[in-house]
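Colleague: Can you keep this structure in mind? I'll have questions shortly.
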Amino acid sequence: MADFKKVLNMADLPAGSGKAVEIDGKSIAVFNVDGAIHAIDNTCTHRGGPLAEGEVSGHEVTCPWHGATFDVRTGEVVGPPAQRAVVRYGVRVTGTDIEVEV
């Protein structure tokens, strides 16, 4: 059964930014897109780049290593060179706490 785990405070994740968190040994990228919080695997499926360090534009994040783009809402690939989606995680905000479902 999946549980929600507190990972960040809303104040720690300004709009248009991403941050890597670790939960149970998994590196997860959490993004704030105009107040909507999204979470996907932090590891690009192309060559393992850190997606939380990528540039966020609208609902897309660009891997800083080779430029693959992913939709932060779904984890789907939007642009190459990646060909496989990343895992998407459920998110909820309780008060000012950001919680990710793992």
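Taken together, the values in this text are just the output of simple stated rules run on the coordinates, not laboratory data. Just so it is clear, the model here is predicted, and its values are computed rather than measured. Positions of Cβ are backbone-derived with ideal geometry, glycine not excepted, and every protein chain shown enters the neighbour counts.
Colleague: How big is the shadow of the Cα convex hull of the stretch 1-48, averaged over all directions, in nm²? Write down the numbers at each step before the final one.
Modeller: Details: hull surface 16.2 nm².
Average projection, Cα convex hull of the stretch 1-48: 4.1 nm².
Colleague: Could you work out the relative contact order of the chain? I mean the mean sequence separation of Cα pairs under 8 Å and 6+ apart, divided by the number of residues, in percent.
Modeller: On the way: 247 pairs, mean separation 28.7, N = 102.
This gives 28 percent for the chain.
Colleague: Okay, moving on. Which order do the peptides 53-60, 92-99 come out in when sorted by mean C-beta neighbours inside 10 angstrom, highest first?
Modeller: Numbers: 53-60: 15.8, 92-99: 13.2.
Per-residue mean Cβ counts within 10 Å order the peptides as 53-60, 92-99.
Colleague: Which value in Å does the Kirkwood hydrodynamic radius of the stretch 17-73 take, with 1/r averaged over all unlike C-alpha pairs and then inverted? All intermediate terms of the calculation are to be shown ahead of the outcome.
Modeller: Details: mean 1/r = 0.0914 Å⁻¹.
One decimal place: 10.9 Å for the Kirkwood radius.
Colleague: Where does the Debye-calculated log10 I(q)/I(0) of the chain sit at q = 0.12 Å⁻¹, using only Cα point scatterers of equal weight, no solvent?
Modeller: -0.33
Colleague: Multiply the residue separation of residue 3 and residue 92 by 0.36 nm, subtract the distance between their alpha-carbon atoms, and state the gained length in nm to one decimal. Please report the intermediate quantities before stating the final value.
Modeller: Numbers: separation 89, 0.36 × 89 = 32.04 nm, distance 1.13 nm.
Residue separation times 0.36 nm, minus the Cα-Cα distance, leaves 30.9 nm.
Colleague: Another question, then. Any aspartates and glutamates with Cα under 12 Å of the residue 5 Cα? List them, leaving off those in the same chain fewer than 8 positions away.
Modeller: 22, 24, 97, 99, 101
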